[in-house]
Amino acid sequence: MIAISRKTILIGLCICAVAGAGYWWAGRYGDDASPGGGGKGKRLGQEVPVRRAVARAEDVPVTIDAIGTVQALNTATIRTQVDGRLTALHVTEGEDVRKGEIVAEIEPNLYQAQYDQAVAKKAQDEANLANARIDLVRYEKLAASNYGSQQQFMTQKFLVAQLEALVKTDQALIDSARTTLGYCKIPSPIEGRVGIRNVDVGNILHASDQLGILNVTQLKPIYVVFVIPQEKLLSVQNAVARGSKKVTALGPDNQTEIDPGHPGEVTAIDNQIDQTTGTAKIKATFANQSLRLWPGQFVNVRMVVDTLKNAVVVPATAIRPGPSGPYVYLLTNGDVAITKNVKVGQQDENIAVVASGLKAGDTVLTSGFGRLADGAKVRVVSDEPPVAEAPGEKQASDNAGQNSGGLAPARGERRRHRESGGGANGISRGQEGGALRPDGAGATAPAAPPPLPKPEDNLKRSEPAQAAGPPRP
């Protein structure tokens, strides 16, 4: 007989203990993230703690979301039209100026002298013209009485005409010198706000300089230019034809309205589609009285192009991706979850519009998917908070779920939800009365699930296992 050492026996017992613990752990939690729910809780017959939500019939605005660029209505670069030294700046950076207000001055001495010279030259030529006219009258009389030659008279006549033309030239030179002198005072061509100056007082400027002294930008009203796919152009055109021209500018979160209560309006649709990108350019005009929009700024743009009447709406977290398309877990008999294939019309991070497969009043599950399967027993721990619920109420609902046993998403559940296409088409919800609003104000993210129940609680609730089946049509 072969003798077995005590050390070998101990090593064997340790290996068996580790293997047994691993098997128990894998059986308990290892399949939580498997496709279709994995059903470990299902196979053990335990009740899966879940949240529920009731499908509602609501009027849902159909929106088009895009990224827009804010553009000034008018922008003017203040440049000098004459060469000279910059002697004064009459505005400060960031100041609002009126159209025609003097903003800068160029040293005028040289141009003043040129103007005075032109005036003096005209006076000289006018004196010569007056003398020539007197001689013309005298020569005319002498020629008429045959005391003077006709040739002398004609020469004097042409001299007078020459001097008259010279006086007109002098007047043109005066006008030119006056205009050049006027360029020494530089007015603002538009009403707007002064930007940061590029040149300091005392520098020599030239009319050929590419860099201006400063720029003035008109901020009220202001444009937002955005592009949409050519497939959506007809929807925008139809909306504009119906008089629905409102456009909302949203912040980086795509929910907060930048200038609340002051939407813009579509004022122009480009006359052609960019063949390179397959997009059409849209221009919207905003009053911008509060100066929330700034030239060059990127904003999210939302335009309501239609409204779905009495659409069936569920939380976006209820929609699950499947091999045959999206589906939901439908609560039946109060404690049984069955799968139901649905067709999703449009969806965002908060809600989904179900085009077919559900009706108003149906109860769907919004959590616990890692341990759910078709026909699984469930235990409702809380109702899904309304999407437009205030943050304080949402927190209270989360606490209630935790105090009642709660649940946490199984491994991979959050990742699968992100892959399910949440946040695709920009349906947004308002704050008042749970109604949907295109501005998205008051929308809240899906509530975080409560923590995982203790293993002993699951053992107490265990029931005979049931076989998982495919989604019911």
Could we say that F158 is modelled with pLDDT under 95, surrounded by 15 or more Cβ atoms within 10 Å (Cβ to Cβ) and over 60 Å from the mean Cα position of the chain (by Cα) here? no
With respect to the numbered conditions (1) without any contact (Cβ under 8 Å) to a residue 40 or more places away in the chain; (2) within 30 Å of I67 (Cα to Cα); (3) of a type outside the set (A, V, I, L, M), which one is the sole condition not fulfilled by S356? (2)
Determine whether the stretch 337-350 contains at least one residue that is at pLDDT below 80 and crowded, with 16+ Cβ neighbours inside 10 Å. no
Counting only residues that are over 22 Å from V48 (Cα atoms) and of a type outside the set (F, W, Y), give me the strands (runs of 3 or more DSSP E) lying completely in the stretch 315-390 with at least 1 of them. 343-347, 351-356
Just one of Y115, Y223 is modelled with pLDDT of 95 or more and part of a helix (DSSP H, G or I); which is it? Y115
Residues that are of a type in the set (A, V, I, L, M, F, W, C) and over 19 Å from K220 (Cβ atoms), drawn from the stretch 80-102: V82, L86, A88, L89, I102
Kindly indicate whether K122 is surrounded by 14 or more Cβ atoms within 10 Å (Cβ to Cβ), in contact with a Pro (Cβ under 9 Å, 6 or more places away or on another chain) and of a type in the set (K, R). no
Any residue in the stretch 161-169 that is farther than 30 Å from A130 by Cα and without any contact (Cβ under 8 Å) to a residue 40 or more places away in the chain? no
Boolean, Y139 is modelled with pLDDT of 95 or more and surrounded by 13 or more Cβ atoms within 10 Å (Cβ to Cβ): no
Positions within the stretch 97-150 being under 29 Å from R197 (Cβ atoms) and among the aromatic types (F, W, Y), in sequence order: Y111, Y115
The one condition in (1) touching a Lys or Arg at 6+ places or on another chain (Cβ under 7 Å); (2) buried (at least 18 other Cβ atoms within 10 Å of the Cβ) that E265 fails to fulfil: (2)
So, in the stretch 218-239, exactly how many residues are in contact with a Gly (Cβ under 8 Å, 6 or more places away or on another chain) and crowded, with 19+ Cβ neighbours inside 10 Å? 3
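This table checks each residue for (1) surrounded by 15 or more Cβ atoms within 10 Å (Cβ to Cβ); (2) of a type in the set (D, E, K, R).
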| position | (1), (2) |
| --- | --- |
| V167 | yes, no |
| D170 | yes, yes |
| L173 | yes, no |
| K185 | no, yes |
| I190 | yes, no |
| I196 | no, no |
| I204 | no, no |
Can you find a residue in the stretch 68-89 that is free of Cβ contacts under 8 Å to residues at least 40 places away in the same chain and over 25 Å from the mean Cα position of the chain (by Cα)? no
Where Q210 falls short, out of the listed (1) over 20 Å from V304 (Cβ atoms); (2) touching a strand residue (DSSP E or B) at 6+ places or on another chain (Cβ under 8 Å): (2)
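Per-residue answers, yes or no, for (1) at pLDDT 95 or above; (2) out of contact with any Cys (no Cβ under 8 Å at 6 or more places or on another chain); (3) exposed (fewer than 14 other Cβ atoms within 10 Å of the Cβ); (4) within 17 Å of G68 (Cβ to Cβ):
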{"residue": "A241", "(1), (2), (3), (4)": "no, yes, yes, no"}
{"residue": "V247", "(1), (2), (3), (4)": "yes, yes, no, yes"}
{"residue": "D259", "(1), (2), (3), (4)": "no, yes, no, yes"}
{"residue": "Q289", "(1), (2), (3), (4)": "no, yes, yes, no"}
{"residue": "F298", "(1), (2), (3), (4)": "yes, yes, yes, yes"}
{"residue": "V305", "(1), (2), (3), (4)": "no, yes, no, yes"}
Test each condition in (1) outside any helix (DSSP H, G or I); (2) at pLDDT 80 or above; (3) out of contact with any Lys or Arg (no Cβ under 9 Å at 6 or more places or on another chain) for I15 and report the one that comes out false. (1)
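The values are calculated or read from the model by the stated rules, or taken from the named source; none is laboratory data. These numbers come from a predicted model, not from an experiment. Counting neighbours? That spans all protein chains shown, and the Cβs are built from the backbone with ideal geometry, glycine included.
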